[in-house]
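Since the structure comes first, as structure tokens, the remarks are kept for the end.
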Amino acid sequence: MKKYVSLLLAALVLTAGLPPAQAAPSDSGLSLSCASCVLMEKETGAFLLEENSHEKLEPASVTKIMTLLLVMEAVDSGQLSKDAPVTVSAYAAGMGGSQVYLEEGEQMPVSEMIKCVTVVSGNDCAVALAEHLAGSEGAFVARMNQRAQELGMTDTTFLNCTGLPAQGHVTSAHDIALMSRELILNHPSIREYTTIWMDSIRNGEFGLTNTNRLVRFYQGTTGLKTGFTSSAMYCMSATAERDGMELIAVVMKSPSTNQRFDDARALLDYGFANYTVVPVYPDAPLAPVDVLLGTSAQVQPRLERDCRLLVRKGEEGQVTTRLSLAEDLEAPVEQGQTLGTLEVYVGDELRDTVPILAAQPVDRLSIPGIFGRMLSKLLMAG
């Protein structure tokens with residue numbers, strides 16, 4: 001049965017730069033079939049829409065987002081090479097469900113296995129990667145749950161790395177968005193795999209077609225992962241980017257594959273139609289700050305981080321900044337020492353505060369150095 005989703009603009013944020021929490025329209029105009037959903041903006045971590053977002057449900061193969069996250073963390077840290085061969089165990093080869101029919105003893109490079117997991121949701125490849133990284137699926141699942149805790153995924157318990165049915169293996173739309181964000185934000189090379197529509201393995205002998213139909217039919221799609229079992233029904237985490245803003249749409253327990261994709265499209269369309277991300281800079285370049293009794297006369301300030309503000313469309317012209325910066329300070333100055341702040345407003349409302357830090361250290365002059373500087377000034381004055 002369809003339900004009309006009430007839109008909730010979330011107050012929670014993982015980084016700064018969010019629109020304020022506010023009452024959403026009681027009638028969103030979105031007619032969705034899923035039991036649970038969220039819409040998140042990647043860079044700020046803002047939840048733009050949500051419905052039953054903390055309901056604990058079976059995620060099916062959407063589970064593999066965490067599997068991929070751990071694999072990509074190992075790859076990007078240098079722990080695991082994409083070219084490394086993975087030897088398939090009898091246990092991995094015996095996985096049911098979606099698979100690429102690995103055989104015991106077969107070897108396949110890490111990169112090819114990642115492709116099989118992302119494109120066709122290969123359970124056998126997911127388990128082979130888990131065993132390769134952690135020694136066993138059980139040990140890998142322990143890492144999955146630890147990582148989930150670190151990400152604040154309080155609705156989640158993983159019992160396997162595939163999403164095959166297991167009593168108590170649950171998560172929520174909210175938690176799926178959290179792990180999806182972590183994957184695409186910090187491991188952008190995953191796009192090399194999640195944007196593949198058709199490919200092949202084993203020298204072209206085994207064809208692959210992406211289970212995520214949006215890759216082919218929705219503008220800007222960047223991923224991410226579908227899932228289905230008879231009990232979980234149709235789930236997905238869909239990611240898409242337009243005009244520099246990437247959104248994450250999670251839908252769970254849709255009654256059919258078509259409705260799953262329709263729900264994800266509707267959420268993404270809403271986000272792209274109503275929000276934008278605005279880069280924010282000081283009105284003028286940050287001027288050096290004078291340093292008293294320092295080995296250098298000045299220190300250069302810098303913003304602690306880039307500021308990109310999520311705003312509703314139409315608010316772009318209301319974004320202003322207010323700079324507060326020390327006129328001078330006494331040495332020593334530590335690198336990274338706070339020198340001021342850049343406040344970012346939309347209208348009269350403060351939306352973000354970015355610390356301004358010292359770009360380099362400045363040591364304090366020694367007593368001989370102080371006298372030397374005084375003498376130098378006297379000679380120049382004479």
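The values are calculated or read from the model by the stated rules, or taken from the named source; none is laboratory data. Here the structure is a predicted model, which means the values were calculated and not measured. All Cβ positions, glycine included, derive from the backbone under ideal geometry; neighbour counts span all protein chains shown.
Residues in region 279-295 that are out of contact with any Cys (no Cβ under 6 Å at 6 or more places or on another chain) and within 29 Å of residue 43 (Cβ to Cβ) were compared, and the one that is modelled with the lowest pLDDT is 283. Only residues that are touching a residue at least 24 places away in the same chain (Cβ under 8 Å), surrounded by fewer than 17 Cβ atoms within 10 Å (Cβ to Cβ) and under 25 Å from the mean Cα position of the chain (by Cα) were counted in region 311-344, giving 3. Residue 209 passes every criterion in (1) under 24 Å from residue 230 (Cα atoms); (2) of a type in the set (S, T, N, Q); (3) without any contact (Cβ under 8 Å) to a residue 40 or more places away in the chain; (4) surrounded by fewer than 20 Cβ atoms within 10 Å (Cβ to Cβ) apart from (3). Do we find that residue 139 is under 28 Å from residue 206 (Cβ atoms) and without any contact (Cβ under 8 Å) to a residue 60 or more places away in the chain in this structure? Taking the combined requirement at face value, the residue does not satisfy it.
Could we say that residue 256 is in the same structural domain as residue 51 (by TED's automatic domain parsing) and surrounded by fewer than 21 Cβ atoms within 10 Å (Cβ to Cβ) here? Yes, satisfied. Taking first residues from region 247-275 that are basic (Lys, Arg) and partners that are assigned to a helix (DSSP H, G or I), the Cβ contacts under 8 Å between residues at least 6 apart in sequence or on separate chains come to 265/214.
Among residues of region 297-310 that are under 11 Å from residue 353 (Cα atoms), none has a Cβ under 7 angstrom from a residue that is of a type in the set (Ser, Thr, Tyr) and surrounded by fewer than 17 Cβ atoms within 10 Å (Cβ to Cβ) at a sequence gap of 6+ or on a separate chain.
For region 110-181, please list each of the helices (runs of 4 or more DSSP H) lying entirely inside it that holds at least 3 residues being buried (at least 23 other Cβ atoms within 10 Å of the Cβ) and either in contact with a Ser or Thr (Cβ under 8 Å, 6 or more places away or on another chain) or among the hydroxyl-bearing types (Ser, Thr, Tyr) (or both).
Numbers: elements: 110-120, 123-134, 137-150.
By residue number, 110-120, 123-134.
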